[in-house]
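Here's the structure, in structure tokens; my notes come after.
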Amino acid sequence: MKGGHTTGGLEWALSILNQEDLYYTEMRRELRALVAEWQACGQSFWKMIRKDCERAAALQTGWIAFFGADGKFLIGRDERSQDTSPRGVALTAFASLMNDPDLSLLGGPCDRCGRYFKKKRANHKLYCDRDCAHLASATKSTNERLQRDREDKLKRAKLRIAQWQGLKRKPKVGWKKWIATAVPDLSVTFLTRAVNSGDLVPPTDSAKERDYAKG
Ligand SMILES: [Zn+2]
């Protein structure tokens, strides 16, 4: 019987889940699919095999459920199947993972790098390590800064459009060129894109100015 109640199942599973050697691509994909399915079933193996799906049907063949020496319910792979295909090994590794007392420490995939990891604390959930957490928060603050910059530019563009609307005699250039000349960071490209994405409403009289719009 393979996959008894032993430690090491988590480490073995992690080594396959994070395997970068192309030779193990299929095994990695199979085990990742099994783990994802198990996570989608609320991390319950029993829910997973009861689910009416193709994967569950495949899962139920070649599995053995038994009580371990400590009275805990365990699962294993039927050794008679001797399945050494990538899928067979992935299933055996999955059984071994399910039986590992540290199973609840399986974390991942990391929100940044996609690796699975062994959790250090119960609330350690999103990132595999500090590097990924730091890089992710740096990316987040960069995105937030870009978002703030964009909102500021839109606000200023709206004020300029209101000014344009108020002009009694419109300049010969179109409104975009007129704004871009006065405010360098509000370029014609920025204004065009903002209008196209619906974030900016062009001046109501812009239709007849269309001939000048490109500057
Ligand atoms: Zn990571």
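Tabulated values for the structure
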| quantity | calculated |
| --- | --- |
| Neighbourhood charge, 13 Å Cβ-Cβ cut-off, centred on Cys128 and excluding it, Lys, Arg +1 and Asp, Glu -1 | +4 |
| Linear extension gain, Glu151 paired with Leu103, 0.36 nm per residue minus alpha-carbon span | 12.8 nm |
| Nonlocal amide H pairs with Lys119, under 5 Å, H built at 1.01 Å | Leu106, Gly107 |
| Pairwise label distance in nanometres, Gln43 with Ser197, each label 7 Å out on the Cα-Cβ vector | 3.8 nm |
| Over 19 Å (Cα to Cα) - which of Lys153/Lys177; Lys155/Lys177; Lys47/Lys120; Lys153/Lys176 fall in this group | Lys47/Lys120 |
| q = 0.15, 0.17, 0.20 Å⁻¹, region 147-212: log10 I(q)/I(0) [Debye, one scatterer per Cα] | -0.41, -0.53, -0.74 |
| Cα gyration tensor shape for region 101-194, rounded if a/c is under 1.5, else prolate or oblate | prolate |
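Throughout, read-outs are computed from the coordinates displayed, never taken from laboratory work. In this text, all values refer to a predicted model and were calculated from it rather than measured experimentally. When we count neighbours, we look across all protein chains shown, and the Cβ atoms used for this are built from the backbone with ideal geometry, even at glycine.
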